[in-house]
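Here the structure comes first, spelled out in structure tokens, and everything after it is commentary.
The values are calculated or read from the model by the stated rules, or taken from the named source; none is laboratory data. Note that the coordinates shown come from a computational prediction; the quantities given were computed from them, not determined experimentally. Note: ideal-geometry Cβ built from the backbone for every residue, glycine included; neighbour counts use all protein chains shown.
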Amino acid sequence: MRQIMNQKASDTPHMMVMLPESALNQLQETENRILEKLYLLQEKEISKEYLTALEFMEKTKMSRASFDQKRSRNKFKVIKIRRKLFIPAGEVKRYFEGG
């Protein structure tokens, strides 16, 4: 049997749960599968509406230097999530139309 200590952020007392290691492993595997599916779902939703910076540069045949210059001049909308840059898919069309 393996012991698990659960400590919450508040100053509540600790709680100890004892369960067979196989049950713990099964819980961890299930949690990992759920997290992976959530991540893939999130990526799929983002990819429908937004392009990564690299995808945008490929579609517009733009170099990274040009991308950075135009981005700093707000020539297209850029959304930064953590360290990744996303551009709404409609910005490609707007960019070519000169908008």
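Please find, within region 64-83, the residue that is nearest to GLU97 (Cα to Cα) out of those that are over 22 Å from the mean Cα position of the chain (by Cα) and loosely packed, with under 10 Cβ neighbours inside 10 Å.
ASN74
Give, as residue ranges, the helices (runs of 4 or more DSSP H) completely inside region 1-72 that count at least 1 residues that are at pLDDT 90 or above and over 30 Å from VAL92 (Cα atoms).
Here the list reads 21-49.
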